[in-house]
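K.L.:
Below you will find the structure I want to go over with you.
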Amino acid sequence: MEEHTEMPKHIVRLSLLLVVFLVVAFSAKAYFTVDSFYKYGHYRANSVPDIAAPDPAYRGPAYCALCHVDRHTQWSSAGHKTVKCEVCHGPARGHPIDPNDPNKTAKLPRPTAEYTKTLCTLCHMQLTARPQRDPPQQPWDPAIGKSVPWNKGVSQVIPDEHSAGQPCLFCHDPHQPKPIRIKEEPAQVAQTPPSSPDKH
Amino acid sequence: MNKMSDTPDNTLPEGQDAGDTSGRRRFLAGAGAACASAALISVLGPAVAKDGPSGSFPTADFDWEKHNWGYGIDANKCIGCLRCVDACKNENGVAKDANHFRTWVERYVYLEGAKRPLIDSQSHPDNIAVSAPNASRFDDRYKNEKVEKAFFVPKMCNHCENPSCVQVCPTGATFKTKDGAVLVDKEYCIGCQYCVQACPYGARYFNEIERRADKCTWCYHRISKGMNPACVEICPVGARVFGDMNDKNSPISQFLKDNRVLSLKPEMGNRPTCYYIGIDKEVS
């Protein structure tokens, strides 16, 4: 009876080997695939917390407001309130300097007068394809005390004609670009005289 | 196989009997035991590892199941100041040269009578020449030409619903998250650059220092902390809009409600989740 019902031995061995092979193959795959692979899909789920981990470099104006209250108040009520502090001052990561904290060693730059010729023209230089301010800019009206609200675009100047090579900082406070001021007596006074009282 | 079948009897239990074929049997027994334990580890492993106590993923206070990010670009508003491009590089440590960008801005210029636009971007030598570190800019090179129409178009990864880059990745190193971002696992990326080739939008670049493919993550480390991506944060004219499309009041939901939006290269079937307004038929 045995002889007839039992499978031939070589078949038994072969299927055993096949089973062993499959077990080896699948365990090896399971073993070498990290835990989190396939947890959510065909990728290593644990890479996502890693990617989400770094500290943001840019913090936003609300962060600056914690300490530079005056600057923030001035800025947020003037024509540059859409231009975030970190556009001009660089990312806040590591600021302010704290001798007790090795991660806090970044000195935020205070743009020099000379550098404002580069900085301000990034946005305000007349340039092909750059949309003009809409509605057009009006001269500062001391009676209203503020600028005309704008929808889109940006007011543009031809730097050589507008300021004759003088740093923008001489006549514009970057945190409140209008009304204009005279910060230092510039060597040559530009053709457009200040239209409102000197602001310091 | 033939050789194997010449073993004498074989009645199961592994390694029990030590005949002349004991070497092979012992091996098989050992292998069996190893497999069993490996299988055990692999079954227990995932259960033991991962997931914070709150059960939210990927971080303790951010659950990606609850979000569905979208990105809007209003080319009418873009003033081409390139503050987004420099901010992106600062935020994400992208090489500060003219060949590596997670986001960039193109200028489309139609000269009078021309059928096709002239297109330039930060990689153009003239624009490189007038740029300084952290002060990338466009050269005013058309000032003496007759320009009929011109505008800027910010470009970046479109975080497609059907991303070609994910399809071609041979190692599972790039993937789409539950909240919609397409990310790169830098440990699993082998740097083969198939994805760089596959992207119809040219949004990926090769990071030579880390030897891997790299791309925009929508600043995943920022959005998972409730902040905007750096480019959106820094844009002075609101040309870039970001938010959660699950939230009806988010800026992106408003943007999609108020505008008729386009996506780039719809014929590719990638279904981008970056939506444009104010672009022209030549923009792709």
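The values are calculated or read from the model by the stated rules, or taken from the named source; none is laboratory data. Quick caveat, the model's predicted, so the values are computed rather than measured. Glycine also receives a Cβ, built like all others from the backbone with ideal geometry; neighbour counts cover every protein chain displayed. The area values use the complete protein model at the heavy-atom level, side chains included, leaving out ligands, DNA and RNA. Shrake-Rupley method; radii C 1.70, N 1.55, O 1.52, S 1.80 Å.
K.L.:
Any idea what the dipole of the range A:116-179 comes to, in debye rounded to 20, about its Cα centre with Lys/Arg Cβ at +1 and Asp/Glu Cβ at -1?
P.N.:
Dipole magnitude for the range A:116-179 comes out near 180 debye.
K.L.:
Follow-up. Excluding residue B:118 itself, calculate the net charge of residues whose Cβ lies under 15 Å from the Cβ of residue B:118, where each Lys or Arg counts +1 and each Asp or Glu counts -1.
P.N.:
Cβ neighbours under 15 Å give a net charge of -3.
K.L.:
Can you put B:65, B:267 in order of accessible area, largest first, using a 1.4 Å probe?
P.N.:
B:267, B:65
K.L.:
Accessible area lost on pairing B with A, both sides, 1.4 Å probe, Å² to nearest 100?
P.N.:
Answer for the B-A pair: about 5200 Å² buried.
K.L.:
Work out from phi, with θ = phi - 60° and the Karplus expression 6.51 cos²θ - 1.76 cosθ + 1.60, the ³J(HN,Hα) of each residue of the range A:93-110, listed in order in whole Hz, and give x for Gly and Pro.
P.N.:
3, x, 10, x, 4, 10, x, 8, 10, x, 7, 10, 10, 8, 8, 6, x, 9
K.L.:
What is the extension gain from residue A:9 to residue A:105, computed as 0.36 nm multiplied by their sequence separation minus the C-alpha to C-alpha distance, in nm to one decimal?
P.N.:
27.0 nm
K.L.:
Evaluate peptide B:237-244: per residue, the Cβ atoms of other protein chains within 10 Å of its Cβ; return the mean as an integer.
P.N.:
That average works out to 2.
K.L.:
Could I ask something else about it? If you take the Cα Rg of chain A and divide it by 2.2 N^0.38 Å, with N the number of residues, what do you get?
P.N.:
2.03
K.L.:
Membrane-span-like helices in chain A: DSSP H runs reaching 20 Å or more (Cα, own axis), mean Kyte hydropathy at least 1.6?
P.N.:
Flagged H segments are A:9-32.
K.L.:
Would you mind counting up the charge near residue A:61? Only other residues with Cβ under 13 Å from its Cβ, with Lys and Arg at +1 and Asp and Glu at -1.
P.N.:
+2
K.L.:
Tell me the Kirkwood hydrodynamic radius of the range B:184-284 in angstroms, computed as one over the mean inverse distance between distinct C-alpha pairs.
P.N.:
15.8 Å
K.L.:
How long is the gain from residue B:254 to residue B:225 if the chain were fully straight, where each residue apart is worth 0.36 nm and the alpha carbon distance is subtracted?
P.N.:
Result for the pair: 8.3 nm of gain on full extension.
K.L.:
To the nearest 0.05, what FRET efficiency results for residue B:267 and residue A:17 with a Förster distance of 51 Å applied to their C-beta separation?
P.N.:
0.45
K.L.:
Okay, moving on. Among A:18, A:46, A:8, whose Cα projects farthest towards the positive end of the dipole of chain A, with charges put on the beta-carbon of Lys, Arg (+1) and Asp, Glu (-1)?
P.N.:
Checked the options; the winner is A:46.
K.L.:
Next up: Please compute the net charge surrounding residue A:149, taking Lys and Arg as +1 and Asp and Glu as -1 over other residues with Cβ under 15 Å from its Cβ.
P.N.:
+4
K.L.:
Which of the residue pairs A:81/A:146; B:155/B:225; A:84/A:117; A:152/B:89 have a Cα-Cα distance greater than 22 Å in the structure shown?
P.N.:
In this structure, B:155/B:225; A:152/B:89 exceed 22 Å between Cα atoms.
K.L.:
Keeping all protein chains in place and using 1.4 angstrom, which order do A:178, A:152 fall into by accessible surface area, from largest down?
P.N.:
The ordering from most to least exposed comes out as A:152, A:178.
K.L.:
Calculate I(q)/I(0) for the range A:116-179 by the Debye formula, one identical point scatterer on each C-alpha and no solvent, and give its log10 at q = 0.16 Å⁻¹ to two decimals.
P.N.:
The Debye formula, applied to the Cα set alone, gives -0.57.
K.L.:
Further question: Can you give the helix-only mean residue ellipticity at 222 nm for chain A, where every DSSP H stretch with n ≥ 4 adds -39500 (n - 2.57) and the sum goes over all residues, rounded to the nearest 500 deg cm²/dmol?
P.N.:
Computed mean residue ellipticity for chain A: -9500 deg cm²/dmol.
K.L.:
Let me ask something additional. For the range B:65-111 and the range A:34-92, write down the distance between their C-alpha centroids in whole Å.
P.N.:
Here the answer is 16 Å between Cα centres.
K.L.:
Taking the Cβ-Cβ separation of residue A:112 and residue A:31 as r and a Förster radius of 56 Å, what is the calculated FRET efficiency to the nearest 0.05?
P.N.:
0.40
K.L.:
Under 17 Å from the Cα of residue A:29, which lysines turn up, not counting those fewer than eight places away in the same chain?
P.N.:
Here the lysines satisfying the reach criterion relative to residue A:29 are A:39.
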